[in-house]
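Undergrad: Sharing a structure here in structure tokens format.
The values are calculated or read from the model by the stated rules, or taken from the named source; none is laboratory data. The structure presented is a predicted model; accordingly, all values stated were derived computationally and were not measured. No Cβ is skipped: glycine too gets one built from the backbone with ideal geometry, and neighbour counts run over all protein chains shown. With ligands, DNA and RNA removed, areas are computed over all heavy atoms of the protein, side chains included. Shrake-Rupley method; radii C 1.70, N 1.55, O 1.52, S 1.80 Å.
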Amino acid sequence: MAGYRGASSAAGGGAGAAAFATRILLLLTLLPLALAAFAFVLQWRGGMGDPAAAAWPANKQSFPGMENSPLGSSSSSPGGGGSYFAVSSSSSAAADCAEILGRSASSNGISLYRGWNFDSESSITPKICITGSTSAGLHQILPWLYYHKVIGVSHFILFVEGEAAKPAVTSVLESIRGVKIIYRTKELKEKQDKSRIWNETWLAGFFYKPCNYELFVKQSLNMEMAIIMARDAGMDWIIHLDTDELIHPAGAREYSLRRLLLDVPDNVDMVIFPNYESSIERDDIKDPFTEVSMFKKNYDHLPKDTYFGLYKEATRGNPNYFLTYGNGKSAARVQEHLRPNGAHRWHNYMKTPNEIKLEEAAILHYTYTKFSDLTSRRDRCGCKPTKEDVKRCFILEFDRLAFIIASTATEEEMRNWYKEHVVWTDKDTNLKLLRKGVLTRIYAPMAIIRGLKESGVFTSAVTSAKAQSETKSSNMGLGGKESIIPNTTAGHEKLQATARKILQMVDAQEEAMPPLSPPGFVELTESALS
């Protein structure tokens, strides 16, 4: 009996243990399920508004490249603005992806700029305007223009003549938003003939001379008008640039001229960009912006011992370290009393501008990059090819020599002279100067312009202009061809009476800064001894 009770007790204990184990197992099974359900309830908001969504505006600007993509639009966005994250319907997602991938695959290169809305008005500051005088064709102007759009320039004021003034060119340029074309008409010349500049002394040394001197005066008069147009358009900065020059915004936190100028202190009126000069390695360059990557650094960006020590090798028997100018270009804040000071600088009627010189950023000057540049300069000037006569036509010595060669030598002699004085064919010398820092490789502009070309931006600009029935109205609030000439001569009689008074108010009325060669041995030696 005792044995029976013991067995029953043992059996009851085993059953209790089994039941306990079952409860534990059930608890361990249900607990994760309950936690998962609880988490689902916390995350599911049903028809309630998402608190995180309130932090994002309902209508957002799309990223560059999304404007023409179905993924970048949403039916809920007014005006088709789209949002950063929204997709209009899940059923179209696969088709959207297929279209985007198909477009990318169909191009020969990376479609970096495909769909980039260059015409969009941006609220980002500062607003930058480039002005220039040009007679170039579309093959040069379009890459120059769109490159500067990529790095942050929003407005262009172009004074055109020659090839640039032909309808086939201007119809395309005028169709691009942010571009204002000013023709060299009789009205324009009459307006500029009454400019206050003719009553002042700072540009007087360049008056009534042919060729480069005449161009220099014309550029200054155009700059004076561009200042008024830029001010009326609400621009923050203005830069005078030729269409054979590209801004290289090195030193900024991103490759952006806008970022570079945004970091300039508020008390600075003018920013000077030292220029680098193209150093071509072949004599058959056709497209300098996409074929030239080697440049000679400016004196301001080199240690003095490097500049002096390698001066002879860098000059290669030419009159100076650079073939043409070496005193850079500048950007000026658009403000009251601003005036040009020649094509390379700005000034102010009421004060001496506070200026800084950039340590890394530069102007890339593509000068004499094509063999045809020799004859094109010759054909634009009617001077005699003598040492005396070229002095009244050209400011810089190399331009004088090139003009004489182009006017007197045979085709073969010109080609040999060009190879000897312009083309860098000695690879050992090139490598040495690259290692020492006199020469440098710069690829960013080349990559950007190639990307623009491969993405069809230039072709699109031409075809869209042809498709338009009339020129777009200006986004700068300026009228048509007859009304775009600002009234720089209002109260001209009063200006004549007060011109000398202005000169007395400003001490710094030295001559306008012309294109200057970099310092040579003689100048630097005399400066050190004085």
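Undergrad: Could you run through the range 374-390 and say how many residues are among the basic types (Lys, Arg) and surrounded by 20 or more Cβ atoms within 10 Å (Cβ to Cβ)? Walk me through it before giving the result.
TA: So the first thing to find is which residues in the range 374-390 are among the basic types (Lys, Arg), and the list is 377-378, 380, 384, 387.
If we keep only those that are surrounded by 20 or more Cβ atoms within 10 Å (Cβ to Cβ) as well, we get none.
Selection size over the range 374-390: 0.
Undergrad: What pairs come out if I take residues in the range 190-217 that are under 23 Å from Thr352 (Cβ atoms) and touching a residue at least 12 places away in the same chain (Cβ under 8 Å) and pair them with residues that are open to solvent by 40 Å² or more (accessible area, probe 1.4 Å) and of a type outside the set (Val, Ile, Thr) whose C-beta lies under 6 Å away, six or more apart or interchain?
TA: Asn199/Gln496; Trp202/Glu511; Gly205/Glu511
Undergrad: Follow-up question, since we're still on this one. More than 24 Å from Phe371 (Cα to Cα) and of a type in the set (D, E, K, R): which single residue out of Lys436, Lys419 fits that description? Before you say what the answer is, go through the steps one by one.
TA: Values: Lys419 fails: more than 24 Å from Phe371 (Cα to Cα).
Only one candidate passes the filter, namely Lys436.
Undergrad: Next up: Just name the residue that is surrounded by the most Cβ atoms within 10 Å (Cβ to Cβ) out of those in the range 391-446 that are aliphatic (A, V, I, L, M), out of contact with any helix residue (DSSP H, G or I) (no Cβ under 9 Å at 6 or more places or on another chain) and more than 21 Å from Thr324 (Cα to Cα).
TA: So the residue we want is Ala444.
Undergrad: What tally of residues in the range 183-199 results from selecting those that are assigned to a helix (DSSP H, G or I), within 25 Å of Glu511 (Cβ to Cβ) and open to solvent by 10 Å² or more (accessible area, probe 1.4 Å)?
TA: 6
Undergrad: Moving on. Just to be sure, is Ile197 among the hydrophobic types (A, V, I, L, M, F, W, C), in contact with a Leu (Cβ under 8 Å, 6 or more places away or on another chain) and farther than 23 Å from Gln140 by Cβ? Please lay out each step first, then the result.
TA: Numbers: among the hydrophobic types (A, V, I, L, M, F, W, C): yes; in contact with a Leu (Cβ under 8 Å, 6 or more places away or on another chain): yes; farther than 23 Å from Gln140 by Cβ: yes.
Judged against the criteria, Ile197 is a match.
Undergrad: Right, here's the next one. Does Arg258 fit the bill of being more than 28 Å from Phe322 (Cβ to Cβ), charged (D, E, K, R), in a helix (DSSP H, G or I) and within 17 Å of the chain's Cα centre (by Cα)?
TA: Details: more than 28 Å from Phe322 (Cβ to Cβ): yes; charged (D, E, K, R): yes; in a helix (DSSP H, G or I): yes; within 17 Å of the chain's Cα centre (by Cα): yes.
In short, yes.
Undergrad: Turning to a different aspect of this structure: Criterion first (free of Cβ contacts under 8 Å to residues at least 60 places away in the same chain, on the phi < 0 side of the Ramachandran plot and open to solvent by 10 Å² or more (accessible area, probe 1.4 Å)) does Asp236 satisfy it? Quick ask: steps written out before the conclusion?
TA: Details: free of Cβ contacts under 8 Å to residues at least 60 places away in the same chain: no; on the phi < 0 side of the Ramachandran plot: yes; open to solvent by 10 Å² or more (accessible area, probe 1.4 Å): yes.
No; evaluated as a whole, the condition is false for this residue.
Each row is one residue, and each column tells you yes or no for (1) within 24 Å of Met270 (Cβ to Cβ); (2) open to solvent by 30 Å² or more (accessible area, probe 1.4 Å).
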site: Ile124; (1), (2): yes, yes
site: Thr131; (1), (2): yes, no
site: Ala136; (1), (2): no, no
site: His155; (1), (2): yes, no
site: Lys166; (1), (2): no, yes
site: Ile181; (1), (2): no, no
site: Trp202; (1), (2): yes, no
site: Lys218; (1), (2): yes, yes
site: Leu221; (1), (2): yes, no
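Undergrad: So, Thr440, is that one of a type in the set (S, T, N, Q) and under 25 Å from Gln140 (Cα atoms) or not?
TA: The answer is yes for Thr440.
Results for (1) hydroxyl-bearing (Ser, Thr, Tyr); (2) without any contact (Cβ under 8 Å) to a residue 60 or more places away in the chain, shown as yes or no for each residue.
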| residue | (1), (2) |
| --- | --- |
| Ala343 | no, no |
| Ile356 | no, no |
| Thr367 | yes, no |
| Asp379 | no, yes |
| Cys383 | no, no |
| Arg392 | no, no |
| Phe403 | no, yes |
| Met414 | no, yes |
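Undergrad: Open to solvent by 50 Å² or more (accessible area, probe 1.4 Å) and in contact with a helix residue (DSSP H, G or I) (Cβ under 7 Å, 6 or more places away or on another chain): does that describe Lys357? Steps first, answer last, please.
TA: Numbers: open to solvent by 50 Å² or more (accessible area, probe 1.4 Å): yes; in contact with a helix residue (DSSP H, G or I) (Cβ under 7 Å, 6 or more places away or on another chain): yes.
Here the answer is yes, as Lys357 does meet what is asked.
Undergrad: Any residue that is within 30 Å of Gly437 (Cα to Cα), of a type in the set (Phe, Trp, Tyr) and crowded, with 19+ Cβ neighbours inside 10 Å - is there at least one of those in the range 266-274? Let's see the steps before the verdict.
TA: So in the range 266-274, the residues within 30 Å of Gly437 (Cα to Cα) come out as 268, 270-274.
Within this subset, residues satisfying the condition of being of a type in the set (Phe, Trp, Tyr) are 273.
Add one more test, that the residue is crowded, with 19+ Cβ neighbours inside 10 Å, and what stays is 273.
Yes, that holds for at least one residue.
Undergrad: Identify all residues within the range 336-378 that are of a type in the set (D, E, K, R) and outside any strand (DSSP E or B); write none if there are none.
TA: Narrowing the range 336-378 to residues of a type in the set (D, E, K, R): 336, 339, 345, 351, 355, 357, 359-360, 370, 373, 377-378.
Within the range 336-378, Glu336, Arg345, Lys351, Glu359, Glu360, Lys370, Asp373, Arg377, Arg378 qualify.
Undergrad: Tally up the residues in the range 297-323 that are closer than 25 Å to Ala444 by Cα and open to solvent by 10 Å² or more (accessible area, probe 1.4 Å), please.
TA: Here the count works out to 7.
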